[in-house]
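For reference, the structure I am asking about is given below.
The values are calculated or read from the model by the stated rules, or taken from the named source; none is laboratory data. Small disclaimer: the values here were computed from a predicted structure and weren't measured. Glycine also receives a Cβ, built like all others from the backbone with ideal geometry; neighbour counts cover every protein chain displayed. The protein model used for the area step is the full one, side chains on, heavy atoms only, and it has no ligands, DNA or RNA in it. Shrake-Rupley method; radii C 1.70, N 1.55, O 1.52, S 1.80 Å.
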Amino acid sequence: MSGQQARTVPDLDFNDIQGTLLRHRPDVYYGVYILFRVDDAEVLKRSLRTVLPKVTTAADWESPRPFTLNIAFTYSGFEALGVPADSLASFADEFREGMAARSVVLGDVGASDPKHWTAPFGGRDVHIGVVIASTNADGLDEPVSIAQQLAGATIIYRLDAGVLPNRREHFGFRDGISQPHIIGSTDQPRPGQDAVMPGEFIFGYEDELGNVAAGPTPEVLARNGTYLALRQLHEDAAGFRRYLRDNSRSPKDEERIAAKMVGRWRSGAPLALSPEHDDPELAADPQRNNDFRYYDHDLNGLRVPRGCHIRRVNPRDSLKDSIVSVNLHRVLRRGAAYGPMLADGVLEDDGAERGIFFIFLGASLARQFEFVQQVWMNDGDFVGLGNEKDPLVGDNNGTGTYTIPGKPVRRRLSAFPRFVTVRGGEYFYLPGIAAMTWLTTRPPAIEGDHRV
Amino acid sequence: MFDRSTYEPISSEVTAEEIGDWTQECRRQTDGVGLRVGNRAEFTLIAPVIQPDGPAIFRERVKKAQIEAGYWEGRLGTVHDLRICLINDDTQLLFAATYSDEFKPYVLDVIRFATPWIDHIFSGVAEGFPGLESNGAASAYIAKYQVESDLWYGSPNPDLSPRDITKGRRVAQAFDQLLDAAQG
């Protein structure tokens, strides 16, 4: 179904779409995430009006300032801003419930249970999120001061993120290589990148089902907007290193197991193209490092295990024999590392808070972000792996297994521990510029009106 | 709920210990209506039938639907069994299935795939059935008429999906062949 037949390339409204939706972060990046609680809706709306011209659109991204700045709202944020009741009711159920309420679906249990989340996550106080990125650390001052111009609201959380010295995430892998290509965006699709209709990620355009999905109402609120799931994920870098050492036969074997868990070598070189050893040159070549599929040459996962991280979050063509259409379940990912690197060779946790601040974007939290979490990451049935979970980021608890197919026999790792713990998260809506203008020009809410 | 030390079985011939060896813990689907044991769940829907023509149309349509049931349900890969019958003097249609895995996340994929077969059975038969293509309306229709079982038994091996069972049988056959070859 997907990408095969010629489809009309839609005209995307780059001036109205927030920039982060169409562009992913550069390789070298610095970011600041700020969460606000709205105290005075009218004061906030007035200040938001003055900030709006500074919000980065997809058009601005073509001629960037030294930074980008994007703004998103939670359901309780829309409530606080006095969005009318019929409009509030038009948002998707899972968005209205909030991420914490979806914990069982998402596999946020055990150490990741919302009851352990860092405040203010999981409560109803997070109303507005501001996402700032820059290619250099100095470039952050101006957007942060712009964000601070939001009045009538209190900053209740701030997290600074940035590229690590080795340009990898804390487990030691280069990340962010594979993203869907949005048809109609100005990017050129790279080899291996699947083309997906823009309606999967932006309201107001045709999606993979051939429909223009019903977003929130009124239409101005839906158009060029999308849902955004934000997650702060703690990475147990020391635990990951220990597990590799304890379950391998040699340092070389350690690297092999690590690659088999992820589906890429640490450099980013895909196992599909370089099954026996790392290949930094391949990893560095954007024309080659994502140019692979599974069905014809690796259906059984001898090269890239069916349960490994990258084959779960994006099974590419490997589910062709099933009824699942992979393109209905794609997400855009925007990850940024935070916290200090664990020093080389250290196997014991140093107590520092480190991990990835993740953003997932898409027009349906339920059939994209939540589906990937529930069906592909935290279950194994979709590829006949029973209840095996994603070895790297799955909700493991020390009892599970991880199967590495091999000839003559497979290798099975057991007692799989949790390497990633959710510190908190929220569901947001990332509106278009016109939608935010609409928000700021709404008349004051009648007290109690939004609680109807 | 069940506690071996205090439980009093229905029959005095059976001990709480024996019940405990067989009982299965039943819960709701993770996100929606339907009971679940292990990885297996039930889907039950009771919908009104269009009168007076619905029952006759259904009886005609069901002939082909039966022939193709293996294709449409088998290819889904998660359905263990399904029954559809007219009940209550042809006034209602009962649709009851046992399947592995979650239901809600897969709704859209199932609808995309099985629309022709389901629509063949339901259109002109079930009152208010909007057709599966109309995604929002179809979900609302299901929500309106789905009922949750009051009691459900999910087989002795509720964690096995249809694919697991197929694979298990293939492995057992291969093992038998290996033994045969070793003895031959």
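Give me the strands (runs of 3 or more DSSP E) completely within region B:3-104, filtered to those with at least 1 residues that are open to solvent by less than 30 Å² (accessible area, probe 1.4 Å), ordered by residue number.
Filter on region B:3-104 gives B:35-37, B:40-48, B:92-100.
I would also like to ask the following. Using the structure shown, decide if A:ASP291 is among the charged types (D, E, K, R), farther than 20 Å from A:GLY394 by Cβ and more than 25 Å from the chain's Cα centre (by Cα).
No: the conditions fail for A:ASP291.
Please work out which residue is most open to solvent (accessible area, probe 1.4 Å), limiting yourself to region A:362-401 and to residues that are β-branched (Val, Ile, Thr) and farther than 27 Å from A:GLU206 by Cα.
The selected residue is A:THR399.
A further question on this structure: Among the residues of region A:83-97, what is the count of those that are open to solvent by less than 10 Å² (accessible area, probe 1.4 Å) and either of a type outside the set (A, V, I, L, M) or within 14 Å of another protein chain (Cβ to nearest Cβ) (or both)?
Selection size over region A:83-97: 3.
Here's a follow-up. If B:ILE111 satisfies every condition in (1) within 13 Å of chain A (Cβ to nearest Cβ); (2) hydrophobic (A, V, I, L, M, F, W, C); (3) open to solvent by 30 Å² or more (accessible area, probe 1.4 Å) but one, which is the exception?
Checking B:ILE111 against (1) within 13 Å of chain A (Cβ to nearest Cβ); (2) hydrophobic (A, V, I, L, M, F, W, C); (3) open to solvent by 30 Å² or more (accessible area, probe 1.4 Å), the one that fails is (3).
Does B:THR23 qualify as being on the phi < 0 side of the Ramachandran plot, within 14 Å of chain A (Cβ to nearest Cβ) and of a type in the set (Ser, Thr, Tyr)?
no
Run B:ALA126 past the list (1) at pLDDT 90 or above; (2) crowded, with 19+ Cβ neighbours inside 10 Å; (3) out of contact with any Leu (no Cβ under 6 Å at 6 or more places or on another chain) and report the number of the one that doesn't hold.
(3)
Related question: Of the residues A:ILE359, A:ILE310, A:ILE404, only one is of a type in the set (A, V, I, L, M, F, W, C), open to solvent by 20 Å² or more (accessible area, probe 1.4 Å) and touching a residue at least 24 places away in the same chain (Cβ under 8 Å); which?
Of A:ILE359, A:ILE310, A:ILE404, the one residue that is of a type in the set (A, V, I, L, M, F, W, C), open to solvent by 20 Å² or more (accessible area, probe 1.4 Å) and touching a residue at least 24 places away in the same chain (Cβ under 8 Å) is A:ILE310.
Return yes when B:LYS167 is within 14 Å of another protein chain (Cβ to nearest Cβ), open to solvent by 40 Å² or more (accessible area, probe 1.4 Å) and among the charged types (D, E, K, R) and no when it is not.
yes
Do you know which residues across region B:113-158 are among the hydroxyl-bearing types (Ser, Thr, Tyr) and part of a helix (DSSP H, G or I)?
Correct list: B:THR115, B:SER139, B:TYR141, B:TYR145.
Condition first: surrounded by fewer than 19 Cβ atoms within 10 Å (Cβ to Cβ) and in contact with a helix residue (DSSP H, G or I) (Cβ under 7 Å, 6 or more places away or on another chain). Can you find one or more residues in region A:236-245 that meet it?
The answer is yes; a qualifying residue exists.
Mind checking which residues of region A:127-140 are assigned to a loop (DSSP other than H, G, I, E, B) and either within 18 Å of A:GLN18 (Cβ to Cβ) or of a type in the set (Lys, Arg) (or both)?
Result: A:HIS127, single match.
Which ones in region A:17-39 are outside any strand (DSSP E or B) and under 11 Å from A:VAL131 (Cα atoms)?
Of everything in region A:17-39, those that are outside any strand (DSSP E or B) and under 11 Å from A:VAL131 (Cα atoms) turn out to be A:GLY19, A:THR20.
Something else: Would you be able to say whether some residue in region A:104-118 is among the polar types (S, T, N, Q) and open to solvent by less than 20 Å² (accessible area, probe 1.4 Å)?
Within region A:104-118 (the criterion being among the polar types (S, T, N, Q) and open to solvent by less than 20 Å² (accessible area, probe 1.4 Å)), the answer is yes, since at least one residue qualifies.
Would you please name the residue that is nearest to A:PRO270 (Cα to Cα), looking only at residues in region A:313-335 that are surrounded by fewer than 21 Cβ atoms within 10 Å (Cβ to Cβ) and touching a Lys or Arg at 6+ places or on another chain (Cβ under 7 Å)?
Here the residue is A:ARG316.
What residue, among those in region A:30-62 that are farther than 26 Å from A:GLY122 by Cα and among the basic types (Lys, Arg), is least open to solvent (accessible area, probe 1.4 Å)?
A:LYS54
Continuing with this model, one more query. For region A:63-81, which positions are open to solvent by less than 10 Å² (accessible area, probe 1.4 Å) and assigned to a loop (DSSP other than H, G, I, E, B)?
Selection gives A:THR74, A:LEU81.
Identify all residues within region A:186-212 that are among the hydrophobic types (A, V, I, L, M, F, W, C), open to solvent by 40 Å² or more (accessible area, probe 1.4 Å) and touching a residue at least 40 places away in the same chain (Cβ under 8 Å); write none if there are none.
If the condition is that a residue be among the hydrophobic types (A, V, I, L, M, F, W, C), open to solvent by 40 Å² or more (accessible area, probe 1.4 Å) and touching a residue at least 40 places away in the same chain (Cβ under 8 Å), then A:LEU209 is the only one that fits.
Okay, next question. I'd like the residue in region A:336-351 that is under 28 Å from A:ILE132 (Cα atoms) and touching a helix residue (DSSP H, G or I) at 6+ places or on another chain (Cβ under 9 Å) and, out of all such residues, is least open to solvent (accessible area, probe 1.4 Å).
Among residues in region A:336-351 that are under 28 Å from A:ILE132 (Cα atoms) and touching a helix residue (DSSP H, G or I) at 6+ places or on another chain (Cβ under 9 Å), the one least open to solvent (accessible area, probe 1.4 Å) is A:LEU342.
Which condition from (1) in a helix (DSSP H, G or I); (2) in contact with a helix residue (DSSP H, G or I) (Cβ under 8 Å, 6 or more places away or on another chain); (3) under 28 Å from A:GLY268 (Cβ atoms) is the one that A:HIS170 breaks?
(1)
Select, from A:ASP246, A:ASP236, A:ASP207, the only residue that is acidic (Asp, Glu) and within 30 Å of A:LEU328 (Cβ to Cβ).
Of A:ASP246, A:ASP236, A:ASP207, the one residue that is acidic (Asp, Glu) and within 30 Å of A:LEU328 (Cβ to Cβ) is A:ASP207.
Confirm whether B:TYR141 is in contact with a Gly (Cβ under 7 Å, 6 or more places away or on another chain), within 28 Å of A:ASP93 (Cα to Cα), crowded, with 17+ Cβ neighbours inside 10 Å and away from chain A (no Cβ under 12 Å).
Yes.
Let me ask something else about it. Whether any residue in region A:168-181 is touching a strand residue (DSSP E or B) at 6+ places or on another chain (Cβ under 8 Å), modelled with pLDDT under 95 and among the polar types (S, T, N, Q) is what I want to check.
Looking for residues that are touching a strand residue (DSSP E or B) at 6+ places or on another chain (Cβ under 8 Å), modelled with pLDDT under 95 and among the polar types (S, T, N, Q), one finds at least one in region A:168-181, hence yes.
I'd like the full set of residues that are of a type in the set (Lys, Arg) and part of a helix (DSSP H, G or I), limited to region A:227-268.
A:ARG241, A:ARG242, A:ARG245, A:LYS252, A:ARG256, A:LYS260, listed by residue number.
With respect to B:GLU133, is the statement that it is open to solvent by 70 Å² or more (accessible area, probe 1.4 Å) and of a type in the set (Asp, Glu) true?
yes
What number of residues in region B:155-164 are open to solvent by 40 Å² or more (accessible area, probe 1.4 Å) and either within 22 Å of B:TRP22 (Cα to Cα) or away from chain A (no Cβ under 11 Å) (or both)?
4
For the structure I just gave you, tell me whether A:PRO444 is touching a residue at least 60 places away in the same chain (Cβ under 8 Å), touching an Asp or Glu at 6+ places or on another chain (Cβ under 6 Å) and part of a loop (DSSP other than H, G, I, E, B).
Yes: the conditions hold for A:PRO444.
Can you spot a residue in region A:154-165 that is part of a loop (DSSP other than H, G, I, E, B), modelled with pLDDT of 95 or more and either open to solvent by less than 50 Å² (accessible area, probe 1.4 Å) or under 29 Å from A:ALA59 (Cβ atoms) (or both)?
Looking through region A:154-165, none of the residues is part of a loop (DSSP other than H, G, I, E, B), modelled with pLDDT of 95 or more and either open to solvent by less than 50 Å² (accessible area, probe 1.4 Å) or under 29 Å from A:ALA59 (Cβ atoms) (or both).
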